[in-house]
Amino acid sequence: AYERRFPTCPLIPMFVASDTVNEYKSEDEAIHVIERRCKLDIDAPRLLKKIAGVDYVYFVQKNSLNRRERTLHIEAYNETFSNRVIINEHCSYTVHPDNEDWTCFEQSASLDIKSFFGFESTVEKIAMKQYTSNIKKGKEIIEYYLKQLEEEGITFVPRWTPPVTCKLESSTSHPRRPVSPAINIPDSATKEGLNNKEILNTSSSPSEPTAGTPDDKLDADYIKRYLGDLTPMQESCLIRLRQWLQETHKGKIPKDEHILRFLRARDFNIDKAREILCQSLTWRKQHQVDYILDTWNPPQVLQDYYAGGWHHHDKDGRPLYVLRLGQMDTKGLVRALGEEALLRYVLSINEEGLRRCEENTKVFGRPISSWTCLVDLEGLNMRHLWRPGVKALLRIIEVVEANYPETLGRLLILRAPRVFPVLWTLVSPFIDDNTRKKFLIYAGNDYQGPGGLLDYIDKEIIPDFLGGECMCEVPEGGLVPKSLYRTAEELENEDIKLWTETIYQSASVFKGAPHEVLIQIVDASSVITWDFDVCKGDIVFNIFHSKRAPQPPKKDSLGAHSITSPGGNNVQLIDKVWQLGRDYSMVESPLICKEGESVQGSHVTRWPGFYILQWKFHSMPACATTNLPRVDDVLASLQVSSHKCKVMYYTEVIGSEDFRGSMTSLESSHSGFSQLSAATTSSSQSHSSSMISR
């Protein structure tokens, strides 16, 4: 049945074609190996395909059928962009060890994105989305071809037997078992999370609620009043997850309504919901999000020029938030406030939304767990596609998606202009599929017709700027005066105040003037650890060892370079007369770190002496293999100061007996977010043995 999907499969539209490049059959026909080159049309934004310069990607797939062992192993890896992205996938069909009438299927994959024209995070999301959809489609496809075989009269395939050399020995040593007819596997056995034993006895699955336990029931009136319709299974999942939090979580336990949001976001899979909920609770505690409404006052610039605000409620009783994005100067706000203040303001909006949901639940006497957002795009143009502004928007979406799931009940996008599809192409890969289903987009004045705004909002509260009679107190936005713009240095310092602890230090790195930190090691086998963010520019990170101490840095060490450092220190320790290999040695390979990356790592010292951590300016080489300009090159050329980098770092020395973790170092992965979102995002590198993660 599996072989029938080649050379192409109509059930997989992205699978365009395949060619056999290698084939092997053993003499006894027990082993059959086929290697194919497959052509795929990946569902990726046109903009990304254009930048990458490809329309199709190619994978190599190797299928190994072992009739003797009754196994089929499938291995696949990408051929296209293999120097930038490494994808490995493995699938296997095997006979169940306890019931040979059952077929077991296992699938695993790894993704390692080294670099991709500045769109690493987008590629990661596309790959994960594609992989998830393929898993869901796989069972449907194999059942389609099994049914096709049955319609052709093929209900079983005779089991392989070795060539007969001695009939007596063969019949006594390997008695053939009768071949059983194919049986249908119940859907419940294919659900994610069930192991082989659970397949055989699904009635005893731990995910099923146990009847009769005292904590398995909530008050029916309480459910109806505050939580909404729940099946017995969903009710049990909520109780068990809440009980687990009460037993293990140190800190504030979220309300049932909030726990329920995370369960719904993961289709009531307790393990997955618990994972993202714990990450979110850690993030909230780390950044004091629970107190943001009481302790943080938005800057006046936001109050005057951020064109958004709460406005009554929709027909379902959900709080209504109005955002006049087309009238908002995103570039001006980012230049005047920085990403962190803008993100903090959006978080305060979400916290206010949670509070309003609780109020409306009391007012309307029924559970209100989400809000409606109305976005007016009148005035949206190319200036809204300013790259730092889009980057800030994507980061905000990333943080909100991770920490406020199932809070958006409906998104009404009105008066979408022609430039909107470009913005949507950039933003949509970052938005969860369930969230996207809640989007309603209207071009021009379509919102005034049937199926428009009146279906969701009462006529009496439609804002005046949309033709209604209700005065809307949302600020009108407008251009932020350039006199309010702040320098990059001021914004960085403000960001540090907002989100980082005092243990981090800030340093400037110039072309020809690296920043260096001295660490003296007395006991060999100590562990040097570091954690740093590349706030601006690209740098090269090095670690050196010297038996003798370098001279103390001079106060005017930057004078020779005619460079001043308005913010952040710059210290150079390695004397110009020192020679590498004679006076000092390199103990780790250089690591190139891109702007926006966070890097954590460790080094196990082999000798006592003096270790120097160095952050050095990295010049981006021109791309000689293609005429297509690199995104990084274009962005670098637009920087105000292209010869200055900025890092924030923290270092610590730990005794080897106190250090837990792998000793492998300087193996990297990407994460393009600052400290705020670091707790809610995972690395694109799938391997966990490394002690450096960007």
Discussion item. Checking the structure you have, find out if any residue of the range 408-428 is buried (at least 18 other Cβ atoms within 10 Å of the Cβ), under 26 Å from the mean Cα position of the chain (by Cα) and under 17 Å from T122 (Cα atoms).
Written reply: yes
Worksheet item: R242: within 24 Å of T361 (Cβ to Cβ) and open to solvent by 20 Å² or more (accessible area, probe 1.4 Å), yes or no?
Response: yes
Item to complete: Looking only at the range 526-545, decide whether some residue is more than 29 Å from E339 (Cβ to Cβ) and touching a helix residue (DSSP H, G or I) at 6+ places or on another chain (Cβ under 9 Å).
Response: yes
Fill in: Among the residues listed as L423, L454, L414, the single one being assigned to a helix (DSSP H, G or I) and modelled with pLDDT of 90 or more
L454
Discussion item. Please go through (1) within 24 Å of E406 (Cβ to Cβ); (2) in contact with a His (Cβ under 8 Å, 6 or more places away or on another chain) for C357 and return the number of the only condition it doesn't satisfy.
Written reply: (2)
Worksheet, complete the sentence: Flagged pairs (Cβ under 8 angstrom, 6 or more apart or on separate chains; first in the range 134-152, among the basic types (K, R); second assigned to a helix (DSSP H, G or I)) are K139/T190
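Yes/no per residue for (1) among the acidic types (D, E); (2) closer than 28 Å to L454 by Cβ; (3) within 27 Å of the chain's Cα centre (by Cα):
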site	(1), (2), (3)
Y305	no, no, no
P319	no, yes, no
V322	no, yes, no
V346	no, no, yes
I349	no, yes, yes
E352	yes, yes, yes
R366	no, yes, no
Fill in: Residues (part of a strand (DSSP E or B) and of a type outside the set (A, V, I, L, M, F, W, C)) located in the range 522-544
T529, D531, D533, K536, N542
Worksheet item: In the range 429-460, what count of residues is obtained for those that are under 24 Å from G389 (Cβ atoms), loosely packed, with under 15 Cβ neighbours inside 10 Å and polar (S, T, N, Q)?
Response: 0
Discussion item. Quick check on the range 8-20: of everything there that is open to solvent by 50 Å² or more (accessible area, probe 1.4 Å) and at pLDDT below 90, which residue is nearest to K129 (Cα to Cα)?
Written reply: P13
Discussion item. Condition first: open to solvent by less than 20 Å² (accessible area, probe 1.4 Å) and assigned to a helix (DSSP H, G or I). Now tell me which residues in the range 352-376 satisfy that.
Written reply: G353, C357, T361
Worksheet item: In the range 72-109, which residues are closer than 19 Å to Q130 by Cα, hydroxyl-bearing (S, T, Y) and in contact with an Asp or Glu (Cβ under 8 Å, 6 or more places away or on another chain)?
Response: Y77, S108
Worksheet item: Quick one: is K114 at pLDDT below 85 and either open to solvent by 60 Å² or more (accessible area, probe 1.4 Å) or hydroxyl-bearing (S, T, Y) (or both)?
Response: yes
Discussion item. Under 7 Å between Cβ atoms, which residue pairs at least 6 apart in sequence (or on different chains) link something in the range 395-416 that is assigned by the TED database to the domain that holds L374 and within 14 Å of W283 (Cα to Cα) with a partner that is of a type in the set (F, W, Y) and surrounded by fewer than 19 Cβ atoms within 10 Å (Cβ to Cβ)?
Written reply: E398/F430; N403/W283
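Just a yes or no: is a residue in the range 384-398 closer than 18 Å to P319 by Cα and of a type in the set (D, E)?
Checked the range 384-398: no residue is closer than 18 Å to P319 by Cα and of a type in the set (D, E).
For the range 93-127, name all the residues that are touching a Leu at 6+ places or on another chain (Cβ under 9 Å) and under 25 Å from E595 (Cα atoms).
F116, F117, G118, F119, S121, T122, V123, E124, I126, A127
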Worksheet item: Within the range 257-299, can you find the residues that are free of Cβ contacts under 8 Å to residues at least 60 places away in the same chain and outside any helix (DSSP H, G or I)?
Response: R266, D267, F268, Q288, W296, N297, P298, P299
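Collect the residues in the range 301-326 that are of a type outside the set (A, V, I, L, M, F, W, C) and out of contact with any Phe, Trp or Tyr (no Cβ under 9 Å at 6 or more places or on another chain), keeping them in residue-number order.
Q303, D304, Y305, H312, G326 - these are the residues of the range 301-326 that are of a type outside the set (A, V, I, L, M, F, W, C) and out of contact with any Phe, Trp or Tyr (no Cβ under 9 Å at 6 or more places or on another chain).
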Worksheet, complete the sentence: Residue pairs qualifying under the 6 Å Cβ cut-off, at least six apart or on distinct chains, with the first in the range 452-468 being over 13 Å from H311 (Cα atoms) and the second being in a helix (DSSP H, G or I) and among the aromatic types (F, W, Y), are L453/Y447
Worksheet item: Conditions: (1) over 26 Å from the mean Cα position of the chain (by Cα); (2) open to solvent by less than 70 Å² (accessible area, probe 1.4 Å); (3) not assigned by the TED database to the domain that holds F364. H258 meets all but one. Number of the miss?
Response: (1)
Worksheet entry | Options L281, L293: the member that is in contact with a helix residue (DSSP H, G or I) (Cβ under 6 Å, 6 or more places away or on another chain) and either over 30 Å from S483 (Cα atoms) or surrounded by fewer than 16 Cβ atoms within 10 Å (Cβ to Cβ) (or both) | L293
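To keep it simple, each residue is scored yes or no on (1) open to solvent by less than 70 Å² (accessible area, probe 1.4 Å); (2) hydrophobic (A, V, I, L, M, F, W, C).
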position	(1), (2)
N569	yes, no
L573	yes, yes
W578	yes, yes
R582	no, no
M586	no, yes
L591	yes, yes
E595	no, no
V599	yes, yes
V604	yes, yes
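The values are calculated or read from the model by the stated rules, or taken from the named source; none is laboratory data. Keep in mind it's a predicted model, so treat the numbers as computed, not measured. For neighbour counting, all protein chains shown are included, and Cβ atoms are generated from backbone atoms with ideal geometry for every residue, glycine included. For accessibility, only protein heavy atoms count, side chains too; no ligands or nucleic acids. Shrake-Rupley method; radii C 1.70, N 1.55, O 1.52, S 1.80 Å.
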